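Have a look at the structure below before the remarks.
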Protein chains: 2
Amino acid sequence: MQQKHIAEVRAFNRFYTSIIGLLDRHILNSRYSLPEVRVLYELYHNENTTASDIISSLQMDKGYLSRMLQQLVRKKLVAKKISTADGRAVHLTLTPAGRKEFETLNRESDKQIQEILEKLSSGDCERMTGYMAEIRSLLTQPKTTESDGR
Amino acid sequence: MQQKHIAEVRAFNRFYTSIIGLLDRHILNSRYSLPEVRVLYELYHNENTTASDIISSLQMDKGYLSRMLQQLVRKKLVAKKISTADGRAVHLTLTPAGRKEFETLNRESDKQIQEILEKLSSGDCERMTGYMAEIRSLLTQPKTTESDGR
DNA sequence: ACAAATTAGTTGACTTTATCAACTAATTTT
DNA sequence: AAAATTAGTTGATAAAGTCAACTAATTTGT
């Protein structure tokens, strides 16, 4: 009876892909691209990040990132500083303007989610976010224990 | 206490975006692009589809689709037939080869999901797919009833 | 200490993906 | 039956992403 489960996961994937697509649309209508926002996100949440860090955490081509950073620097959202410890490495930080801009985008994203949650009763909202947390945890650290008849 | 829920949804979105990205990678390594596979999916599941149908269901640019269909026709996966009822409209169908090819891709996708589910106990698997179905249903038809203190 | 190998990031060339507008031909509206 | 609309095609470009060659700094092995 595994087939039923596979079908449900795939149906969910299709469904959630379109949800995410809808949510992303809002960012695409902003002055930034999706990858740009992801980079801003990384920089906002991690002090003392280098280009290499982003390359590995976002699995991004280094040439692509390099150019993107140039733009973000030109837009005064990001500042580069050559590492004193390693002259090849570049430390990246958001400028105050960059932080502010990210916070605006962040608020907008929050608001978007809020609008979705508002359509749910508080009980449903509680339940749904519980399910989300559960799914994350199940897919993050799949326990191999509980040796029952699977 | 809504903020906590918003944060969970957003965390889930980030998480699931990367899951989907990982799963898509497998298609990207195939001989087809993601949009191509989505078109094949539509054609496989809907008899008697026109280009317009796909444009509206997949929200795709018509020029882009037109060229994509040309390629799929060249690859002998899709057949075009001008509608007898409306000489502008083109009816699209998968050729036998197209159906076969889609079924292969479909099986590969199933297998991919299966590999994920195999890491879960049967109880966890049951639970997770239940959560997915729940989330889908909550986000699809958000009931406005149950007027409790939200 | 120092040559060889590795690493961080940049740059150029290119492919793929996607968008937009102009266009043709068929159909619908008035 | 002229005017407006619709389905799809085509050309021109833009945006997104990849790949390889390259420079400069650092690390490794001897």
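Bear in mind that the values in this text are calculations on the coordinates, not laboratory data. Not measured: the values here are computed from a predicted model. When we count neighbours, we look across all protein chains shown, and the Cβ atoms used for this are built from the backbone with ideal geometry, even at glycine.
List of remarks:
- For a straight C-alpha distance cut-off of 19 angstrom, the aspartates and glutamates reachable from A:Lys80 (same-chain residues fewer than eight places away being disregarded) are A:Glu36, A:Glu42, A:Glu47, A:Asp53, A:Asp61, A:Glu101.
- Distant-in-sequence amide H partners of A:Thr49 (H built 1.01 Å from N, under 5 Å): A:Leu92
- Each Lys and Arg contributes +1 and each Asp and Glu -1, all at the Cβ; summed about the Cα centre of chain A, the dipole is approximately 640 debye.
- Net charge of neighbours whose Cβ lies under 11 Å from the Cβ of A:Leu72, counting Lys and Arg as +1 and Asp and Glu as -1: +3
- The rotation axis taking chain B to chain A passes closest to the C-beta of one chain B residue; that residue and the distance in whole Å read B:Tyr131, 2.
- When each of B:Lys76/B:Lys100; A:Lys76/A:Lys100; B:Lys4/B:Lys119; A:Lys111/B:Lys4; A:Lys4/B:Lys119; B:Lys75/B:Lys111 is checked by Cα-Cα distance, pairs over 18 Å: B:Lys4/B:Lys119; B:Lys75/B:Lys111
- Sparsely packed loop sites in the stretch B:1-42 (the trypsin sites (Lys or Arg not before Pro) outside DSSP H, G, I, E and B with at most 13 other Cβ atoms within 10 Å) comprise B:Arg31.
- Hull volume in cubic angstrom per residue (convex hull over the Cα atoms of chain A): 175
- Length-normalised contact order for chain B - Cα pairs under 8 Å, 6+ apart - percent: 17
- In chain A, the calculated helix contribution to ellipticity at 222 nm averages -23000 deg cm²/dmol per residue, counting -39,500 (n - 2.57) for every DSSP H run with n ≥ 4.
- For the stretch A:24-74, radius of gyration divided by Kirkwood radius, i.e. Rg to Rh on alpha-carbons: 0.96
- Neighbour-limited loop hits for GluC sites (Glu not before Pro), the stretch B:13-113 (at most 12 other Cβ within 10 Å; DSSP other than H, G, I, E, B): B:Glu47
- Centre separation in Å (Cα based) which lies between the stretch B:90-126 and the stretch A:1-57: 23
- The stretch A:50-97 shape via C-alpha gyration tensor axes, a/c threshold 1.5: oblate
- Note on the stretch B:9-88: with charges restricted to the Cβ of Lys and Arg (+1) and Asp and Glu (-1), its dipole about the Cα centre is near 320 debye.
- Counting every other Cβ atom within 10 Å of each residue's Cβ, A:Val78, B:Val73 order from fewest to most as B:Val73, A:Val78.
- Overall, the ratio between the Cα radius of gyration of the protein assembly as shown and 2.2 N^0.38 Å, rounded to two decimals, is 1.17.
- Backbone geometry of the stretch B:50-58 corresponds, through the Karplus equation with coefficients 6.51, -1.76 and 1.60 at θ = phi - 60°, to 3J(HN,Hα) couplings of 9, 4, 4, 4, 5, 4, 7, 6, 9 Hz, x marking Gly and Pro.
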